[in-house]
Amino acid sequence: MSSVTTETVPGVTPGDAKTMRYAAAARAAVCVASALVLAVTAHLHNVFFGWVFLTVFGCALAIALGVGLRVRDSRLRIYLVAHIFVALALGIQGVLAGFGSEAILLFVALCAWAVSSALVDFLFAWRHRSERFAIDLYTSAGFALAFAAAAFIPGADPAPLLGLFGGYLAIAGVFLGIAAASTDAASTAAASRQRGKITPETQS
């Protein structure tokens, strides 16, 4: 005869892993698409275009992340909610500003979004620092903070500021895409370890 023993993997549930994988994939898709938009519209970069772009970018990111809330068995859905709130805050600023406010406000809005996004990633990474995805969140937060610091170089000049933002989105998008793939591989490995192992029964 044989007995089945189950090896449990503490911390992350299948729903948690699915949530983090989806969050990384959704953010990657929006970031890469937005970086391409900024690349092909470089000749249009001004304050008005910047506010329109940020409004569309924030709303698109919020919608993409909102789809992930369908995962019911995850304790980390609040991570999606936090990023949705930050994205929507960015999206509505353009509407409130009337797409024509001063360039300095565009600069402040971008930096505020980057710092807020980094703060969400950092706090969740610290809260779940024993999990595999924590290092991805720390790195994502580092990229966002690096952009916020570098944004002081062009300052309120919209053309180089949006160009710099496009570069950040491209780098962050590629990283988040890799993070989503690695999270998928890690969750698959964890699932295989959770399956019962067949061991011979001890004879008495």
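The values are calculated or read from the model by the stated rules, or taken from the named source; none is laboratory data. Keep in mind it's a predicted model, so treat the numbers as computed, not measured. Cβ coordinates were reconstructed from backbone atoms using ideal geometry, including for glycine residues, and neighbour counts include every protein chain displayed.
Taking A156, is it surrounded by fewer than 20 Cβ atoms within 10 Å (Cβ to Cβ), touching a helix residue (DSSP H, G or I) at 6+ places or on another chain (Cβ under 9 Å) and in a loop (DSSP other than H, G, I, E, B)?
For A156, the condition - surrounded by fewer than 20 Cβ atoms within 10 Å (Cβ to Cβ), touching a helix residue (DSSP H, G or I) at 6+ places or on another chain (Cβ under 9 Å) and in a loop (DSSP other than H, G, I, E, B) - is met.
Name the single residue, out of those in region 116-133 being surrounded by 17 or more Cβ atoms within 10 Å (Cβ to Cβ) and without any contact (Cβ under 8 Å) to a residue 40 or more places away in the chain, that is nearest to I63 (Cα to Cα).
Restricting attention to region 116-133, the residues satisfying the condition of being surrounded by 17 or more Cβ atoms within 10 Å (Cβ to Cβ) are 116-118, 120-122, 124-125, 128, 131-133.
Okay, now just the ones that are also without any contact (Cβ under 8 Å) to a residue 40 or more places away in the chain, so 116-118, 121-122, 125.
Values: S116: 18, S117: 16, A118: 19, D121: 19, F122: 22, A125: 23 Å.
If we take residues in region 116-133 being surrounded by 17 or more Cβ atoms within 10 Å (Cβ to Cβ) and without any contact (Cβ under 8 Å) to a residue 40 or more places away in the chain, then S117 is nearest to I63 (Cα to Cα).
If I ask for residues that are touching a residue at least 24 places away in the same chain (Cβ under 8 Å) and closer than 29 Å to L76 by Cα, which ones from region 142-166 would you list?
G142, F143, A144, L145, F147, A148, F165, G166
Regarding region 34-47, can at least one residue be identified that is in a helix (DSSP H, G or I), of a type in the set (G, A, S), free of Cβ contacts under 8 Å to residues at least 24 places away in the same chain and surrounded by 14 or more Cβ atoms within 10 Å (Cβ to Cβ)?
The initial filter retains those residues of region 34-47 that are in a helix (DSSP H, G or I), namely 34-40, 42-44, 47.
Going one step further and asking which of them are of a type in the set (G, A, S), we end up with 34-35, 39, 42.
Adding the requirement that they be free of Cβ contacts under 8 Å to residues at least 24 places away in the same chain leaves none.
No; the residues of region 34-47 include none that is in a helix (DSSP H, G or I), of a type in the set (G, A, S), free of Cβ contacts under 8 Å to residues at least 24 places away in the same chain and surrounded by 14 or more Cβ atoms within 10 Å (Cβ to Cβ).
Do the conditions hold for F107, that is, is it more than 18 Å from L169 (Cβ to Cβ), of a type outside the set (G, A, S), assigned to a helix (DSSP H, G or I) and at pLDDT 90 or above? If you could, list the steps in order and put the result at the bottom.
Numbers: more than 18 Å from L169 (Cβ to Cβ): no; of a type outside the set (G, A, S): yes; assigned to a helix (DSSP H, G or I): yes; at pLDDT 90 or above: yes.
When the stated conditions are applied, F107 does not pass them.
Starting from residues that are surrounded by fewer than 19 Cβ atoms within 10 Å (Cβ to Cβ) and assigned to a loop (DSSP other than H, G, I, E, B), keep the ones in region 3-33 and report whichever is modelled with the lowest pLDDT.
Restricting to residues being surrounded by fewer than 19 Cβ atoms within 10 Å (Cβ to Cβ) and assigned to a loop (DSSP other than H, G, I, E, B), the top hit is T6.
Could you figure out which of (1) free of Cβ contacts under 8 Å to residues at least 40 places away in the same chain; (2) closer than 18 Å to A144 by Cα isn't true of A24?
(1)
For region 118-135, does any single residue satisfy the condition of being in contact with a helix residue (DSSP H, G or I) (Cβ under 8 Å, 6 or more places away or on another chain), in a helix (DSSP H, G or I) and of a type in the set (K, R)?
Within region 118-135, not a single residue is in contact with a helix residue (DSSP H, G or I) (Cβ under 8 Å, 6 or more places away or on another chain), in a helix (DSSP H, G or I) and of a type in the set (K, R).
Out of curiosity, is A60 at pLDDT 95 or above, surrounded by fewer than 22 Cβ atoms within 10 Å (Cβ to Cβ) and under 19 Å from the mean Cα position of the chain (by Cα)? Outline the logic, then answer.
On the way: at pLDDT 95 or above: yes; surrounded by fewer than 22 Cβ atoms within 10 Å (Cβ to Cβ): yes; under 19 Å from the mean Cα position of the chain (by Cα): yes.
When the stated conditions are applied, A60 passes them.
Quick one: which residue in R70, R75, R21 is over 12 Å from the mean Cα position of the chain (by Cα), under 24 Å from Y138 (Cβ atoms) and of a type outside the set (A, V, I, L, M, F, W, C)? Break it down stepwise before answering.
Working: R70 fails: under 24 Å from Y138 (Cβ atoms); R21 fails: over 12 Å from the mean Cα position of the chain (by Cα).
Being over 12 Å from the mean Cα position of the chain (by Cα), under 24 Å from Y138 (Cβ atoms) and of a type outside the set (A, V, I, L, M, F, W, C) holds for just one of R70, R75, R21, which is R75.
Restricting attention to region 147-166, does a residue exist that is under 13 Å from the mean Cα position of the chain (by Cα) and acidic (D, E)?
Just the residues of region 147-166 that are under 13 Å from the mean Cα position of the chain (by Cα), to begin with: none.
No - not one qualifying residue is present in region 147-166.
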